[in-house]
Amino acid sequence: MPNAPQSPDAPSSHRDKDPSSVRCLVITVSDTRTDRDDRGGSLAVELLEAAGHMVKEKRIVPDEPSLIAAAVNEASQDESMDAVLLTGGTGVSARDQTPEAIAPLLTKELPGYGELLRQLSYEEIGPMALLSRAVGGVAGGTIVLTMPGSPAAVRLAVEKVIAPTLSHLVREATK
């Protein structure tokens with residue numbers, strides 16, 4: 001997996017203090033997926049582990065804002081969890097409520113995350129990228145990132161945005 005471009009002005013030791021592995025919870029937000037057919041969540045686990053991160057748990061949560069918020073809130077209070085990555089529920093249908101569910105939990109937003117993900121998605125699928133409402137931020141020192149649930153979107157998000165930045169995000173959020 002190619003590394004993200006680094007600024008030539010950034011000191012090479014700037015990321016030397018980043019954790020080598022981040023402890024993650026992967027949540028698939030869906031009313032219909034099961035462990036047997038959750039391709040997006042399973043792919044997120046596979047790609048995170050291939051990047052050297054530890055997925056402590058993977059779970060499926062129904063498209064219910066209170067249940068989504070409860071799962072993220074619980075993880076953000078767990079000192080053994082560094083990041084929560086959610087797949088699904090970021091579109092525009094009536095049941096897509098992931099951004100609304102996590103927004104009240106975020107103490108800091110990362111608007112660049114969703115912007116970058118949509119830009120990269122646009123390069124692959126064109127203007128349909130605007131259907132994604134992926135958001136990211138920090139909740140109680142825990143990184144929280146959402147992404148669409150399709151395997152192609154998960155691959156794009158994890159390989160191009162999340163894996164190259166997750167360790168640094170965690171270090172910065174916990175300073």
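The values are calculated or read from the model by the stated rules, or taken from the named source; none is laboratory data. Computed from a prediction, not measured in an experiment: that's the story for all the values here. Backbone-built Cβ (ideal geometry, glycine too); neighbour counts: all protein chains shown. Heads up: the accessible areas ignore ligands, DNA and RNA and are worked out on the full protein's heavy atoms, side chains in. Shrake-Rupley method; radii C 1.70, N 1.55, O 1.52, S 1.80 Å.
Going through the range 59-76 one residue at a time, which ones are of a type in the set (Gly, Ala, Ser) and under 17 Å from the mean Cα position of the chain (by Cα)?
Pass one, the range 59-76, residues of a type in the set (Gly, Ala, Ser): 66, 69-71, 75-76.
Residues satisfying the conditions are Ala69, Ala70, Ala71, Ala75, Ser76.
Out of all the residues in the range 92-118, which are in a loop (DSSP other than H, G, I, E, B) and either free of Cβ contacts under 8 Å to residues at least 12 places away in the same chain or buried (at least 17 other Cβ atoms within 10 Å of the Cβ) (or both)?
Result: Ser93, Ala94, Asp96, Gln97, Leu106, Leu110.
Got a number for residues in the range 139-172 being assigned to a helix (DSSP H, G or I), open to solvent by 30 Å² or more (accessible area, probe 1.4 Å) and under 21 Å from Ser93 (Cβ atoms)?
Start the filter on the range 139-172 by keeping residues that are assigned to a helix (DSSP H, G or I), which leaves 151-172.
Then drop every residue that is not open to solvent by 30 Å² or more (accessible area, probe 1.4 Å), which leaves 151-152, 155, 159-160, 165, 168-169, 171-172.
Going one step further and asking which of them are under 21 Å from Ser93 (Cβ atoms), we end up with 151-152.
The total comes to 2.
Across the range 11-58, what is the total count of residues that are open to solvent by less than 20 Å² (accessible area, probe 1.4 Å) and either among the small types (Gly, Ala, Ser) or not in a helix (DSSP H, G or I) (or both)?
13
Residues checked against (1) under 19 Å from Leu47 (Cα atoms); (2) at pLDDT 95 or above; (3) in contact with a Ser or Thr (Cβ under 9 Å, 6 or more places away or on another chain):
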position: Leu106; (1), (2), (3): no, yes, no
position: Pro111; (1), (2), (3): no, yes, no
position: Glu115; (1), (2), (3): no, yes, no
position: Thr146; (1), (2), (3): yes, yes, yes
position: Val154; (1), (2), (3): yes, yes, yes
position: Glu159; (1), (2), (3): yes, yes, no
position: Ile162; (1), (2), (3): yes, yes, no
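Quick one: in the range 77-91, of everything that is closer than 14 Å to Val138 by Cβ and buried (at least 24 other Cβ atoms within 10 Å of the Cβ), which residue is farthest from the chain's Cα centre (by Cα)? So that I can check it myself, show each step before the final result.
Taking the range 77-91 and keeping what is closer than 14 Å to Val138 by Cβ, we get 77, 81-85.
Checking the rest, the ones that are also buried (at least 24 other Cβ atoms within 10 Å of the Cβ) come to 82-85.
Details: Asp82: 12, Ala83: 8, Val84: 6, Leu85: 4 Å.
Within the range 77-91, the match that is farthest from the chain's Cα centre (by Cα) is Asp82.
Name the one entry in Ser121, Ser66 that is over 16 Å from Val26 (Cα atoms), of a type in the set (Ser, Thr, Tyr) and crowded, with 18+ Cβ neighbours inside 10 Å. Please lay out each step first, then the result.
Working: Ser66 fails: crowded, with 18+ Cβ neighbours inside 10 Å.
Being over 16 Å from Val26 (Cα atoms), of a type in the set (Ser, Thr, Tyr) and crowded, with 18+ Cβ neighbours inside 10 Å holds for just one of Ser121, Ser66, which is Ser121.
Name, by its number, the condition in (1) under 18 Å from Ala163 (Cβ atoms); (2) assigned to a helix (DSSP H, G or I); (3) open to solvent by less than 50 Å² (accessible area, probe 1.4 Å) that does not hold for Val72.
Condition (1) is where Val72 drops out.
With (1) at pLDDT 95 or above; (2) farther than 18 Å from Glu49 by Cα; (3) open to solvent by 10 Å² or more (accessible area, probe 1.4 Å); (4) not β-branched (Val, Ile, Thr) as the list, and Lys175 as the residue in question, which single condition is left unmet?
Condition (1) is where Lys175 drops out.
Condition check: touching a Ser or Thr at 6+ places or on another chain (Cβ under 8 Å), of a type outside the set (Gly, Ala, Ser), modelled with pLDDT of 95 or more and more than 25 Å from Leu131 (Cβ to Cβ). Does Asp18 satisfy that? Give the derivation first.
On the way: touching a Ser or Thr at 6+ places or on another chain (Cβ under 8 Å): yes; of a type outside the set (Gly, Ala, Ser): yes; modelled with pLDDT of 95 or more: no; more than 25 Å from Leu131 (Cβ to Cβ): yes.
The answer is no for Asp18.
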